[in-house]
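A quick write-up on the structure given underneath.
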Amino acid sequence: MAVASFLLGVPGLLVLNLVLGPAAIVLAAVALSRGTARRGRALLGMVLGVADLVVLVALTIANHGVIWSFS
C-alpha cells in the first residue's frame, strides 16, 4: 500500500488531482497504521497526496474558481 500511495501521488500532481490525491493519502495512512516496512515510501505518498490537493486549490484560485474550461 505504501508503494501504491506513492505511485498514485506522482501522476496526481499532473492529472486527476481530486481523485488521486485523496486515494494516495488514504493508502498511505492505512500502510502506516499497519506498520509497513516501507515507512518512508508511505510518508512520501502522503506528502504527494497533500501536494496534489494543494495544486488543485492553487489552480482553482488561479483560474477564478473554474477547474476545467470547455471553451
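Here is a list of conditions, (1) outside any helix (DSSP H, G or I); (2) at pLDDT 90 or above, and Gly45 meets all of them except one; can you say which number that is?
(1)
Could you tell me which numbered condition Pro22 fails, if it satisfies all but one of (1) under 13 Å from the mean Cα position of the chain (by Cα); (2) modelled with pLDDT under 85?
Failed condition: (2).
Look through Val57, Val15 and report the one residue that is part of a helix (DSSP H, G or I) and free of Cβ contacts under 8 Å to residues at least 60 places away in the same chain. Working first, answer last.
Details: Val15 fails: part of a helix (DSSP H, G or I).
One residue alone meets the criteria, Val57.
For residues that are among the small types (Gly, Ala, Ser) and under 15 Å from the mean Cα position of the chain (by Cα), scanning just the stretch 32-46, find the one that is surrounded by the most Cβ atoms within 10 Å (Cβ to Cβ).
Of the stretch 32-46, the ones among the small types (Gly, Ala, Ser) are 33, 35, 37, 40, 42, 45.
Restricting the remaining residues to those that are under 15 Å from the mean Cα position of the chain (by Cα) gives 42, 45.
Numbers: Ala42: 26, Gly45: 31.
Out of the qualifying residues, it is Gly45.
The values are calculated or read from the model by the stated rules, or taken from the named source; none is laboratory data. Computed from a prediction, not measured in an experiment: that's the story for all the values here. Here the Cβ is made from the backbone with ideal geometry for all residues, glycine too, and neighbour counts use every protein chain on show.
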